[in-house]
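Enquirer: Mind having a look at this structure? Questions to follow.
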Amino acid sequence: MAASHAAIMDAVYALLRQKSVCDLTMEEVARWAGVGKPTLYKWWPTKATLVLAMLCERMALNLEKPTVLTAEESLRFRVRRLIGAFNGPFGRIVAGLIAESQSDPAIRQAFFDRWVSPRRTATIADLQRGKDTGELRSDTEPDLLNDAIFGAIYYRFLLGSGPLTRRFGEELVEYVIRGHRSADARQTRVSITADRWTR
């Protein structure tokens with residue numbers, strides 16, 4: 001099964017480089033992977049669940065972060081990686097899945113449960129850690145801080161309200177998190193900036 005699984009994931013990825021999620025068919029995936037349709041439907045009852053499985057398996061690797069980071073560094077890392085992924089081939093796949101989910105609540109829930117929720121939970125945990133260690137102010141609400149940043153990224157990604165660039169991500173994080181840094185964190189940041197200017 002391992003070889004067939006890899007072949008199926010490869011097929012989904014390759015086909016979605018050529019066409020949209022809407023235009024993809026299970027017949028094409030089976031033919032490309034060299035497996036029967038019953039094999040596909042045994043493990044993935046719908047096209048959307050198959051595409052989501054590939055997305056979580058292949059794109060998740062690009063979003064893993066180093067473990068030794070401050071809360072702000074972790075947040076900036078996640079923002080950079082997500083924007084980079086959205087600007088690559090995975091961006092079209094995510095947009096296609098979201099489009100499909102508008103007419104199918106089951107897809108929408110699966111997308112949230114498997115894709116959005118784990119990353120949201122991990123980021124909120126990082127921000128809570130920053131709050132607990134005094135990096136962020138004690139009145140910071142990690143879930144609202146997370147949603148303010150990543151909501152803006154998804155808004156620009158899906159609606160094209162402006163370019164989704166690394167610079168946008170850096171400026172967005174700075175603008176949102178500025179008021180949430182603790183006094184000590186602000187002082188440390190000022191000292192680091194001053195040190196850079198004197199070198």
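The values are calculated or read from the model by the stated rules, or taken from the named source; none is laboratory data. Everything quoted here is computed from the prediction, not taken from an experiment. All Cβ positions, glycine included, derive from the backbone under ideal geometry; neighbour counts span all protein chains shown.
Enquirer: Return a yes/no flag: does the stretch 39-57 have any residue that is basic (Lys, Arg) and assigned by TED's automatic domain parsing to the domain that holds Cys22.
Expert: The answer is yes; a qualifying residue exists.
Enquirer: I'd like the residue in the stretch 104-154 that is in contact with a Cys (Cβ under 9 Å, 6 or more places away or on another chain) and touching a residue at least 12 places away in the same chain (Cβ under 8 Å) and, out of all such residues, is farthest from Glu73 (Cα to Cα). Reasoning before the result, please.
Expert: If we filter the stretch 104-154 for residues that are in contact with a Cys (Cβ under 9 Å, 6 or more places away or on another chain), which is where we start, we get 114-115, 118.
If we keep only those that are touching a residue at least 12 places away in the same chain (Cβ under 8 Å) too, we end up with 114-115.
Working: Arg114: 24, Trp115: 22 Å.
This residue is Arg114.
Enquirer: Taking the stretch 155-172 as the search range and keeping residues that are touching a residue at least 24 places away in the same chain (Cβ under 8 Å) and of a type outside the set (Lys, Arg), which one is surrounded by the most Cβ atoms within 10 Å (Cβ to Cβ)? Walk me through how you get there before you give the answer.
Expert: Of the residues in the stretch 155-172, the ones touching a residue at least 24 places away in the same chain (Cβ under 8 Å) are 157-158, 164-166, 168-170, 172.
Filter again for of a type outside the set (Lys, Arg), leaving 157-158, 164-165, 168-170, 172.
Working: Phe157: 18, Leu158: 14, Leu164: 20, Thr165: 12, Phe168: 16, Gly169: 22, Glu170: 14, Leu172: 19.
Result: Gly169.
Enquirer: If you scan the stretch 10-22, which residues turn out to be touching a helix residue (DSSP H, G or I) at 6+ places or on another chain (Cβ under 8 Å), farther than 12 Å from Val51 by Cβ and not in a helix (DSSP H, G or I)? It would help to see each step written out before you state the result.
Expert: Step one: filter the stretch 10-22 for residues touching a helix residue (DSSP H, G or I) at 6+ places or on another chain (Cβ under 8 Å), giving 10-17, 20-22.
Still in the running and farther than 12 Å from Val51 by Cβ: 10, 14, 17.
Across the stretch 10-22, the qualifying residue is only Arg17.
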